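**Q** Here you go, one structure.
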Amino acid sequence: MKNTWNVVHDRDGENGKPTCWTKEVNHKRYGKHIWITQNEYGMFDIEACANDFYTLKTCKSLTSARRWVATNLF
């Protein structure tokens, strides 16, 4: 599977810095896409969507969030 995360520019911060990334995972339980979103505390929420977004895990860094997805969803 492709290891590419795409920036969701509609969610960029006020300074233009990215705060949201998405990746196609085609997971049987969590759906086609997973999102990583920087929350108001500067941490990174790993989110799935089934009619509404919900958080699977919160990580301290973007790197650890990406690692969690790679380890747990593939």
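Bear in mind these aren't lab numbers, they're just calculated from the coordinates by the rules spelled out. In this text the structure is predicted, and so the values were computed from the model without any measurement. All Cβ positions, glycine included, derive from the backbone under ideal geometry; neighbour counts span all protein chains shown.
**Q** Across the range 23-40, in residue order, what do the Karplus-derived ³J(HN,Hα) couplings come to in whole Hz, using 6.51 cos²θ - 1.76 cosθ + 1.60 with θ = phi - 60° and x for Gly and Pro?
**A** Using θ = phi - 60°, the values come out as 8, 7, 10, 6, 8, 4, 9, 9, x, 6, 10, 10, 10, 10, 10, 6, 8, 5 Hz.
**Q** Percent relative contact order of the range 3-74, based on C-alpha pairs within less than 8 angstrom and at least six residues apart?
**A** Contact order relative to length: 19 percent.
**Q** Now a separate question. Taking the highest mean first, how do the peptides 47-56, 20-29 order by number of other beta carbon atoms within 10 angstrom per residue?
**A** 20-29, 47-56
**Q** Can I ask one more? Note the count of lysine pairs whose C-alpha atoms are less than 23 angstrom apart in the chain, limited to pairs 8 or more residues apart or on different chains.
**A** Count of close lysine pairs: 11.
**Q** Also, I was wondering about something else. What does the extension gain come out to for A70 and N39, with contour length at 0.36 nm per residue minus their alpha carbon separation?
**A** So the chain would gain 9.1 nm between A70 and N39.
**Q** For W68, what is the net charge nearby, where nearby means another residue's Cβ is under 14 Å from its Cβ and Lys, Arg count +1, Asp, Glu -1?
**A** It works out to a net charge of +3.
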